[in-house]
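The values are calculated or read from the model by the stated rules, or taken from the named source; none is laboratory data. Please read all numbers here as calculations on a predicted model, not as lab measurements. Positions of Cβ are backbone-derived with ideal geometry, glycine not excepted, and every protein chain shown enters the neighbour counts.
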């Protein structure tokens, strides 16, 4: 029976790296080692309690946009994407995974929103409220980027626009089957009255419909705040949020039982993500063998995770953005209002070989698809130090143990004895086991062979 019973067994190396793979973008050996021996509750509390470093703002963030200068607005998009990726690359915190999750729920994109200041400020709104779904959902109603993306700025008394109300129920709070068409129509009336003024959303009761409405079975002279309150009070909302959290952090197809268990936690915690994640990431369920490797890495997890593990977090953010875009996860540009579907959708006949080529080239200090060198943020050549990375692992001077430890760090599922033997042969490149020397001149190339063989494995796509 699946429950969220708290696990008390101290974390092994495999447990700790599993926690870091799911909770952060940075499952490095050093971070893993720091959690080994802690109980899951202690390890989760440590990750969640770490202060979130401040993020430098972009100079133009709060300037009043020129709505007619299309070229100037378009030039800000790449800068905004690289600003986000620079943050994700440099900050190994649970907060970054939360920000990504909410972006994929409260979606909008730079083509439809167009004004960079609005979209950037929406990102900052998500970032500053990532630990409180209730607060975030309420503030998203009057967010300028969302008002533009779903036509909320055009919605007034007598002429309500249904777009935001429909997505509010279907994608933001309840999910299909938990509301009626009448709920959408009535909520659309309640969401009227918003306008955009500069970089702010402004509410006018004179433009709003404050008449009597029935929403989710409750009747009254509801305005937009009432819709938020009524929605968040519903069991369906708690269940929807619980399922989205499980899909992000544990598995894509959870059972009804485990969703119901987390639903109760969501309700009791009043949507406080720190409390919810503390329970989920400390549970027997989270550490069960059935959910290890049960998710497919997103492009962000591929790119940032590999850079971090190899000690190359300083890679040029523009290259990270370009790679993620090729792998179908362009920052600030989800494919539809439903966001990125994720999981199996990440792997296609096109993206799978591209993932392999990216990883192989990165290990070699090259950009995928060319002989061009990897560059850091200052435009200087960046070559991952694979020997230094290997020396962090225990028994790096023992070829057999090094291969086993490297596979354990890099792969989310156990490998077979046969697979380990093949990896060992690849690393040794014809030499004998007793000839292995981590300090020899050939060690760099041999470790590259090992790492490249690992990232070519289908199992490497799992997390």
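Things to note:
- Restricting the range 363-373 to residues that are under 20 Å from residue 450 (Cα atoms) and touching a helix residue (DSSP H, G or I) at 6+ places or on another chain (Cβ under 8 Å), the residue that is surrounded by the most Cβ atoms within 10 Å (Cβ to Cβ): 363
- Checked against (1) surrounded by fewer than 19 Cβ atoms within 10 Å (Cβ to Cβ); (2) not in a loop (DSSP other than H, G, I, E, B), residue 355 meets all criteria but (1).
- Each residue in the range 110-128 was checked for being assigned to a loop (DSSP other than H, G, I, E, B) and crowded, with 19+ Cβ neighbours inside 10 Å, and 1 of them qualify.
- Matching entry among 133, 203 (being farther than 22 Å from residue 271 by Cβ, touching a residue at least 60 places away in the same chain (Cβ under 8 Å) and either buried (at least 23 other Cβ atoms within 10 Å of the Cβ) or touching a strand residue (DSSP E or B) at 6+ places or on another chain (Cβ under 6 Å) (or both)): 203
- Pairs, first assigned by TED's automatic domain parsing to the domain that holds residue 436 in the range 392-419, second surrounded by fewer than 14 Cβ atoms within 10 Å (Cβ to Cβ) and not in a helix (DSSP H, G or I), C-beta under 8 Å, six or more apart: 397/437; 401/394; 401/395; 402/395; 405/394; 405/395
- Number of the exception - residue 98 against (1) assigned to a helix (DSSP H, G or I); (2) without any contact (Cβ under 8 Å) to a residue 12 or more places away in the chain: (2)
- Residue selection: residue 438 fails the criterion of being assigned to a helix (DSSP H, G or I) and out of contact with any strand residue (DSSP E or B) (no Cβ under 7 Å at 6 or more places or on another chain).
- Being farther than 14 Å from residue 312 by Cα and touching a residue at least 40 places away in the same chain (Cβ under 8 Å) is true of residue 347.
- Criterion (under 20 Å from residue 43 (Cβ atoms) and out of contact with any strand residue (DSSP E or B) (no Cβ under 7 Å at 6 or more places or on another chain)) met by exactly one of 328, 323, 231, 279: 279
- Just one of (1) surrounded by 17 or more Cβ atoms within 10 Å (Cβ to Cβ); (2) free of Cβ contacts under 8 Å to residues at least 60 places away in the same chain; (3) over 17 Å from residue 28 (Cα atoms) fails for residue 382. It is (2).
To keep it simple, each residue is scored yes or no on (1) over 24 Å from the mean Cα position of the chain (by Cα); (2) surrounded by fewer than 16 Cβ atoms within 10 Å (Cβ to Cβ); (3) part of a helix (DSSP H, G or I).
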site	(1), (2), (3)
31	no, no, yes
37	yes, yes, no
43	no, no, yes
54	no, yes, no
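- Taken over the range 282-309, the criterion of being in contact with a strand residue (DSSP E or B) (Cβ under 8 Å, 6 or more places away or on another chain), over 16 Å from residue 48 (Cβ atoms) and surrounded by 17 or more Cβ atoms within 10 Å (Cβ to Cβ) is satisfied by 293, 294, 295, 296, 297, 307.
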